[in-house]
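To start, I am sharing the structure in question, which I have written as structure tokens.
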Amino acid sequence: MPDNQVYELTEAPASRATASAMSTDEPQDAQPINLRLHKRTLLKLDCLLLPFLALFFLFNALDKTNIGNAESAHFTEDVGLDKDALNTAVALFFAFFVGLQPLGAALGRRYGMVLWVPSCMLLWGMCTALHAWVRARWQLYTLRILIGALEAGFYPVTVTYLSLFYTRFEFGRRLSFFYGQAAVGGALGGLLSYLVFSRFGADRQDTKTGYKPWQVLFLLEGCLTVIIAVIGYFWLPHSADKAWFLAPEERRYACSRVIQDRDLQSEPDKAQKDDAETDAVYDDESRNLLHPSRRSSAAGVQAQQLVDDRGLTPQDVVSAIFNTKIWHILACNILSAVPVYAFSVFLPLVLAPLTENKDPALVNLLTAPPHLCGAVTLYVFATYSDKHRIRLIPVFIGLLIMVLGLVLVVLFPASWAIPRYLALNVLLSGTYVASPLTVAWISGNTPSPGKRALLLGINGWGNLAGVISAMLFKPKYAESGYIVPFWWTLLCVALSAVGYVLFYRRIKMENKARSMIMREWTEEEIEVERTEGSGSFPPHNQWLRRVIAVTKPIRQLDGLTSWLEEAAKPNREGDDKITPAPNRLPENYQSTYRGSKAPPEFRPYLNTTATIRNVTHLPQSITYAQAVEQLHNHELLIRLDPEYVSHETVPSDPATPETKIYKITDHMNALPAGLWDTTVKFEAHMTDLDDGIRWLIKAPLGLVQKTTWKCLKTESLGDEHKKTTDEHGEWSLVEDVEITANRMLVSTVKGKCEANWRGTHSRFLEQLKAAAAAA
């Protein structure tokens, strides 16, 4: 197969009998591809890459939570520490783990997952093993801080790396398998602890080595982590086109299908139209703005970044930090993750009061079933999410399961051991659903891998829940069955559920608003936004340009200025664009995009129209010819605008060469009293008429203003515009304005027109008199 072969993959709805190549089974293509090649490539990724990454996360989870298993074998008592030291150590771990998440994600993206993650894993495995020789409080705290710092960034970097090999709707189920290792790790940790503690006993030590059971546990898990990390250096490829386990043809296909899925080279397919209703569910939950610039694919370099584990741009950094949605998600994630970290660490201690037999081996064995329930439920929910292409609704259902489990736990007294244990199984069944599906939503809606890694790093601050759980599940609540911590956990989960509902509503409203804006756009404007990210929309990052203006004169800050200028590129990229996927385009654009004639334009129901007529009588000295000649002077008319800043000429449409097009920049007060000034750009289409000129202004937010300036006989205007003095001649300047936009914007623009027209006409008249005098 030739090297330049392009595999055309298209998105098809999940309700079809045959799914698209973005499903997990069979591709449905715009051009036929080798189905055997598709299945063979996916099978190798699923069998050789995904399980190894899952093994990474499994040991990440073990090393994060094994201190709880060790405590059930009297770890702090043997070392000579009080029980509160354990909670402090857990809180310190999560404090550093959370605080360094974005930095870890950025460094992982900078140096590549293949180098960064195994190196960190090697070091934290050593720190885990060193727990066997802890003898003082500072030693315990230092080791937990080091492990927290080294594990920071592991999850977002690894998830971003995984997304380089799978398309968006293959990703959710694979991510659930990956993230499910947190639950499997809890079960495996319990089983390993059971085996170790059964062999050595809780109160004995190996007579040959002199090691306590908890020392053996730390040494075993630490050494296994080191071994897996060393293998990782040789096992993991930087990208699909460097995967040692794929044949050359499979490598080309693996790269091409991911690039196509990110919509760099694909065109919408008619097949999407058949299931628009099904796709609408997905689109309501996601921004679905995955139409990156054609410049990216043409250049080749940026296309390669979509399948490479290295690379980070200034635009990625700024766009990620000032993405308001990630902060909303983060708040929900923190609250929903409190049970995840509470029970991954403290479940053995929560279960201990439920058993008459205080044998640590039995207590740790009882931790396995709840975690396995969580793993199975997560896989079922993720499969459903991928099949139906929805993320947030399954998240909400998972939170409801958690609420049910928590309510049952707090209602059942501690003496009801079996019902309470079953309630904990229900609780952990929903515990692991929210986080991976939230990550899948972020990943699926962020085309740029660099920005994706940073967003996932910020979302990683959700691990702050670990600090909260350490503060909640204190030893003093053990005798009461941890009732107070459970009530607080219930409150956190309930608030998280409310937050996710509000986020879902916010996404639906934003998609609706974007659709309304685009309904007022021409096909050319939609195409410019889709391909270049520079459609008729208010410029973003205005504050950043002000910072650049301050730093630019300072030579010592040249490096910073260059970086900021790169970050402030005017074109919107990836998910910052407002162009939705083809099945969400206005109907008049969809049909043309698919090759048929566009139907008539339509207006959204929230729009309205206002009209204005302004008349200025011309002096007797002004002739009709002079007035019309000046009305045909486009430069002069443009500069009459009191808020004019600059303008440039745009090439005319060959179909209407008589219409001249200008891109105009106006000054605008974004806040009253000049507290914040900015600019707005719009297009003016100007066509000369026999008796004047016609303007068509297309401005941001769907504003369309049609204006005509004509030189008409005064006597034809009616009594309301009759001559007021003898100085007035037979001709009058008549301005008719029609404003179409949403109701709030129409009133604002109408008020501005009514306030400015007298000054504009006055300046026009002064120019006209000066020209007549010169003649």
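Quick query: amide H of residue 322 versus all other amide H atoms, modeled in the peptide plane; which residues come in under 5 Å with a sequence gap of 5 or more or a different chain?
Those lying under 5 Å, H to H, from residue 322: there are none.
Return 47, 120 ranked ascending by Cβ neighbour count within 10 Å, so the fewest neighbours appear first.
47, 120
If I take R0 = 56 Å and measure r between the Cβ atoms of residue 716 and residue 331 in this structure, what FRET efficiency does the formula 1/(1 + (r/R0)^6) give, to the nearest 0.05?
Numbers: r = 65 Å, r/R0 = 1.15.
Computed FRET efficiency for residue 716 and residue 331: 0.30.
If you take the beta carbon distance between residue 416 and residue 556 as r and set R0 to 60 Å, what does 1/(1 + (r/R0)^6) give as a FRET efficiency, to the nearest 0.05?
Details: r = 70 Å, r/R0 = 1.16.
Efficiency for this residue pair is about 0.30.
Could I ask something else about it? Could you tell me the ratio Rg/Rh of segment 607-774? Both radii from Cα atoms, Rh via Kirkwood. Kindly include the intermediate steps, with their values, before the conclusion.
On the way: Rg = 16.7 Å, Rh = 17.1 Å.
Rounded to two decimals, Rg/Rh equals 0.97.
Could you give P(r) for segment 332-400, binned at 5 Å from zero, as whole percent values over all Cα-Cα pairs?
In order of increasing distance, the bins hold 3, 14, 20, 19, 16, 11, 9, 5, 2, 0 percent.
I'd like the FRET efficiency for residue 623 and residue 512, computed as 1/(1 + (r/R0)^6) with the beta carbon distance as r and R0 of 41 Å, rounded to 0.05. Mind dumping the intermediate values first?
On the way: r = 53 Å, r/R0 = 1.29.
Given R0 = 41 Å and the Cβ-Cβ separation, E is 0.20.
Which entries of 698/752; 325/750; 663/769 show an alpha-carbon separation above 25 angstrom in the structure shown?
Working: 698/752 16 Å; 325/750 33 Å; 663/769 28 Å.
As for pairs spanning more than 25 Å Cα to Cα, those are 325/750; 663/769.
Per residue of segment 59-65, in order, report the coupling 6.51 cos²θ - 1.76 cosθ + 1.60 (Karplus, θ = phi - 60°) as ³J(HN,Hα) in whole Hz, putting x for Gly and Pro.
6, 4, 5, 4, 6, 7, 10
From the phi angles alone, apply the Karplus equation (6.51, -1.76, 1.60; θ = phi - 60°) to segment 647-656 and give each ³J(HN,Hα) in whole Hz, x where the residue is Gly or Pro.
7, 9, 8, 10, x, 6, 6, x, 6, 9
If one puts a single equal scatterer on every Cα of segment 408-490 and applies the Debye formula without solvent, what log₁₀ I(q)/I(0) results at q = 0.11, 0.13, 0.15 Å⁻¹?
Reported log10 I(q)/I(0), two decimals: -0.45, -0.58, -0.70.
Read-outs: derived from the displayed coordinates by stated rules, not from any lab. The model shown is predicted, which means the values in this text are computed figures rather than measured ones. Reconstructed Cβ throughout: ideal geometry from the backbone, glycine too, with neighbour counts over all protein chains shown.
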